[in-house]
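Colleague: Just dropping this structure here.
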Amino acid sequence: MLHALTGCTAVGKTEWALRWAEERGAEIVSCDSLLFYRGMDIGTAKPTQAERRRVPHHLIDVCAVHEQMDVTRYVSLARQAIAEIRARGNKVLVTGGSGFYLKAFFAPVADDVEVGPELRAEVARLTLEQALVQLRELNPGGLGELDVANPRRVFRALERCLASGRTLMELKAEFAGRPSAFADHEVRLTRIEREPAELAARIEQRVRQMLADGLVAEVERLRAAGLMENPSAARAIGYREVIDRLDGRLRAEQLVGEIAKNTRALVKKQRTWFRTQLPPHRIVEAAALQSSSQLFAD
RNA sequence: GGCCAGAUAGCUCAGUUGGUAGAGCAGAGGACUGAAAAUCCUUGUGUCCCCGGUUCAAUUCCGGGUCUGGCCA
């Protein structure tokens, strides 16, 4: 049995996760795509050292900013961490707001087509149009639901076709039949929600606190450590705006507003994901929470 | 007080050589097979500041007014 707690950014799930885990001797497995990176602390609201002393955390600070993480690697690290925690006889609480990674606990999330670095580099040199031409040649039966306007999706689709020698339709059929990587566990999922107005206020407060805590200096350190080599991390909310500020594309007085605005957009996207991509799950209102026992119907 | 510029979508602005208007951003909705806090898609009727004039027709031209900014006193 795995317990998983999610909710959008700034909803306040961290403290509830800590309490639940602390009271049950559980260990936490993070499900947040940016917490993997060492040094991305303030802008990600990473659990502090003090919080990590309260409850053991896993899948935090597992790689350098310039390294590339992906779901497949996440899944294998998470499986390993969970096995170790179980071997100690402890409960597991998965917590985080990265919807795609969370989905891995319920559904297949990647196929196992190996794409070599040479092939990837070769595909990366193509324009979107060239990639589409090749894809259509390889897929006379059509491209299915592929989002042909999305370069990342198109390039990945082409890589998978070239690497496997199969069509998107064939790959899709096989993918749909795969089990979740955690099919051997029963997973209970709960999501914390909060009133939009209250959440917006918390976001603004949180952004101001991050800046007061030294977000700008953190970004400067990370840049020196190779942040810009990782497009996804460099585009993370809070980081991209500070980079824009440092490079003169944003004025100082715009910083809080921009970060808060983009965080609200993230929250909206998270909500759509939770609604449409996760299985039906328990929803609890943050304002109504008084005890960790309310989180899961045990 | 005088001169000049501006007044158009929540915001910043474009535009209509006169036939009632459109971008970016925000907002809303959505997609999601190895970057997911990423990436991508859909969605724009608003007294075109007010009053009057010219005209078949004015948001567009003309006159007056109001407000905002700048310059001069």
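The values are calculated or read from the model by the stated rules, or taken from the named source; none is laboratory data. Keep in mind that this is a model prediction, so the values were computed, not measured. All Cβ positions, glycine included, derive from the backbone under ideal geometry; neighbour counts span all protein chains shown. For accessibility, only protein heavy atoms count, side chains too; no ligands or nucleic acids. Shrake-Rupley method; radii C 1.70, N 1.55, O 1.52, S 1.80 Å.
Colleague: With respect to the numbered conditions (1) within 11 Å of RNA strand B (Cβ to nearest atom); (2) open to solvent by less than 60 Å² (accessible area, probe 1.4 Å); (3) modelled with pLDDT under 95; (4) in contact with a helix residue (DSSP H, G or I) (Cβ under 7 Å, 6 or more places away or on another chain), which one is the sole condition not fulfilled by A:Asn150?
Modeller: So the condition that A:Asn150 fails would be (4).
Colleague: Related question: Can you name the helices (runs of 4 or more DSSP H) wholly within the stretch A:182-282 that have at least 1 residues being in contact with a helix residue (DSSP H, G or I) (Cβ under 6 Å, 6 or more places away or on another chain), closer than 20 Å to A:Gly12 by Cβ and near RNA strand B (Cβ under 9 Å from one of its atoms)?
Modeller: A:255-277
Colleague: Please go through the stretch A:249-298 and give me each residue that is of a type in the set (Ser, Thr, Tyr) and either surrounded by 15 or more Cβ atoms within 10 Å (Cβ to Cβ) or touching a Leu at 6+ places or on another chain (Cβ under 9 Å) (or both), ordered by number.
Modeller: Scanning the stretch A:249-298 gives A:Thr263, A:Ser292.
Every residue, every condition in (1) among the polar types (S, T, N, Q); (2) within 13 Å of RNA strand B (Cβ to nearest atom); (3) open to solvent by less than 50 Å² (accessible area, probe 1.4 Å); (4) out of contact with any helix residue (DSSP H, G or I) (no Cβ under 9 Å at 6 or more places or on another chain), yes or no:
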residue: A:Val71; (1), (2), (3), (4): no, yes, yes, no
residue: A:Leu77; (1), (2), (3), (4): no, yes, yes, yes
residue: A:Ile85; (1), (2), (3), (4): no, no, yes, yes
residue: A:Leu138; (1), (2), (3), (4): no, no, no, no
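Colleague: Are any residues in the stretch A:19-40 more than 15 Å from the chain's Cα centre (by Cα), charged (D, E, K, R) and part of a loop (DSSP other than H, G, I, E, B), and if so, which ones?
Modeller: A:Arg38
Colleague: Okay, next question. For the condition surrounded by 19 or more Cβ atoms within 10 Å (Cβ to Cβ), within 11 Å of RNA strand B (Cβ to nearest atom) and either on the phi > 0 side of the Ramachandran plot or polar (S, T, N, Q) (or both), what is the one hit in A:Gly144, A:Gly96?
Modeller: Answer to the selection: A:Gly96.
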